[in-house]
Amino acid sequence: MLKPNAHLAHLPVYEPGRPVEDVARDLNLDPATIIKLASNENPLGPSPRAIQAIRDAAARSHFYPDGNGFMLRRALAKKLGLDVEQIVLGNGSNELIEFVGHAYLAPGAEMVISQYAFAVYEIVGKMFQATIREVPARDHGHDLAAMRQAITPKTRLIFIANPNNPTGTIISRTELERFILDVPDHCLVVLDEAYQEFLKDPLNTPALIAKKPNLVVMRTFSKAQGLAGLRIGYGVAHRDVAAQLQKVRQPFQANLVAQAAALAALEDEEHIRKTVEVVTAGRSFLEKEFAARKLAFVPSQGNFVLVKVGDGRKVFEGLMREGVIIRHMHGYKLPEWIRVTVGTQEQNQRFLKSLDKVLSS
Ligand SMILES: *Cc1c(COP(=O)(O)O)cnc(C)c1O
């Protein structure tokens, strides 16, 4: 048999949330009765303005997209008060994670991540044969002092997700700013802000790039904007860093429909406001209900909550049979925990009812 590159043998495989149709086929359930609270998707769906833009764009699908993504990049730059040249579009912000690997990792290079970091960082690190330094977490969140200590002359990338997925923890504004400004110039800080919209009082991190050119901020339309299925995200960087990331991408990776939808979603502040409102209320509700059941949970600033249930995989399977899809945390070495996405109030209640049933059986 043909031999693949040796490092592929140790490459972890990303385990996504199970799709509704998949579970329906597997367990012989009606897909209409299944709820998915597994991938931090928007419980309200896409913005109505994005849906209209998708309809309009559909008729232009025989054209290649604008490979420069000019309209969307210009709108993002304007919103952030930066230059168009500082914005890089991705096929989801996951693709940006790969771009920084292409541009800055190589065999022997080091990267620093936290315990319980988003699984894709490690996958990309190993894909480029980097040495991964995983720093133990503090209260399920980043220990920035220890991460700073883990930097060596060979360190190229430092990944930080704020809020962190899957734990929902955040770093205070002052701590985050101090850390970023203190990182030596030979390392790139990759700040993953996939859940930025859910923060009460976010630090203006793109503005830090003027002071600190070795910083990339990554954001996505998959979560608060509800466009996960279209795969569109972006990175914000110093123009010289952005130019490197542009070099390593395929010409048309951000598709025409996604670009149009994202542009419309960006302007629909009302939809984002409503989403944040539903998520904030639903998250408080879930946390209160977990506390009432004496289930430990990590207080979350994202649209999901990590909760300790005993045998996470068993609970995951039990809930699935009830038609409720969540995530077990085996891959994150948190076997006693599950992660549930905040849904609509109706979905949250259904999840709790099923959870009670599964835990009492
Ligand atoms: C969801 C998520 C992303 C991005 O997902 P895309 O759909 O690829 O934009 C990135 N980082 C974290 C931590 C996430 O949870």
Query raised in the report: If you check Ile209, Ile180, Ile132, Ile123, which single one turns out to be part of a helix (DSSP H, G or I) and without any contact (Cβ under 8 Å) to a residue 40 or more places away in the chain?
Result: Ile180
Query raised in the report: Would it be correct to say that Thr275 is surrounded by fewer than 17 Cβ atoms within 10 Å (Cβ to Cβ) and polar (S, T, N, Q)?
Result: no
Query raised in the report: So which of Leu256, Leu227, Leu215 is hydrophobic (A, V, I, L, M, F, W, C), assigned by TED's automatic domain parsing to the domain that holds Arg60, open to solvent by less than 10 Å² (accessible area, probe 1.4 Å) and over 17 Å from the mean Cα position of the chain (by Cα)?
Result: Leu215
Query - Among residues of region 81-103, those that are touching a residue at least 60 places away in the same chain (Cβ under 8 Å), more than 13 Å from the ligand (Cβ to nearest atom) and assigned to a helix (DSSP H, G or I), counted - result: 4
Query - Scope region 135-145; condition without any contact (Cβ under 8 Å) to a residue 24 or more places away in the chain and surrounded by 16 or more Cβ atoms within 10 Å (Cβ to Cβ); matching residues - result: Val135
Query - Hey, Val190 outside the structural domain of Lys308 (by TED's automatic domain parsing), touching a helix residue (DSSP H, G or I) at 6+ places or on another chain (Cβ under 6 Å) and β-branched (Val, Ile, Thr) or not - result: yes
Requested in this report: Considering every residue within region 183-194, establish whether at least one is within 24 Å of Asn91 (Cα to Cα), at pLDDT 95 or above and open to solvent by 30 Å² or more (accessible area, probe 1.4 Å).
Outcome: no
Requested in this report: Scan region 329-361 residue by residue and report those that are surrounded by 20 or more Cβ atoms within 10 Å (Cβ to Cβ) and over 17 Å from Leu286 (Cβ atoms).
Outcome: Tyr332, Leu334
Query raised in the report: Can you name every residue in region 150-204 that is β-branched (Val, Ile, Thr) and closer than 26 Å to Gln225 by Cβ?
Result: Ile160, Thr167, Thr169, Ile170, Ile171, Ile180, Val189, Val190
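Within region 148-160, restricting attention to residues that are in contact with a Leu (Cβ under 8 Å, 6 or more places away or on another chain) and open to solvent by less than 10 Å² (accessible area, probe 1.4 Å), which residue is nearest to the ligand (Cβ to nearest atom)?
Looking at the filtered set, the residue picked out is Ile160.
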Query raised in the report: Here are some conditions: (1) touching a helix residue (DSSP H, G or I) at 6+ places or on another chain (Cβ under 8 Å); (2) part of a helix (DSSP H, G or I). Lys78 meets all but one. Which one does it not meet?
Result: (1)
**Report entry** Candidate set: region 295-310, residues that are in contact with a strand residue (DSSP E or B) (Cβ under 8 Å, 6 or more places away or on another chain) and open to solvent by 40 Å² or more (accessible area, probe 1.4 Å); chosen: the one nearest to the ligand (Cβ to nearest atom)
**Finding:** Phe297
Requested in this report: Scan region 187-206 for residues that are away from the ligand (no atom under 16 Å from the Cβ), in contact with a strand residue (DSSP E or B) (Cβ under 7 Å, 6 or more places away or on another chain) and either among the polar types (S, T, N, Q) or part of a loop (DSSP other than H, G, I, E, B) (or both) and jot them down.
Outcome: Cys187
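The values are calculated or read from the model by the stated rules, or taken from the named source; none is laboratory data. In this text, all values refer to a predicted model and were calculated from it rather than measured experimentally. So basically every Cβ, Gly included, is an ideal-geometry build from the backbone, and we count neighbours across all protein chains shown. Remember, those area values only see protein heavy atoms, side chains included, never the ligands or the DNA or RNA. Shrake-Rupley method; radii C 1.70, N 1.55, O 1.52, S 1.80 Å.
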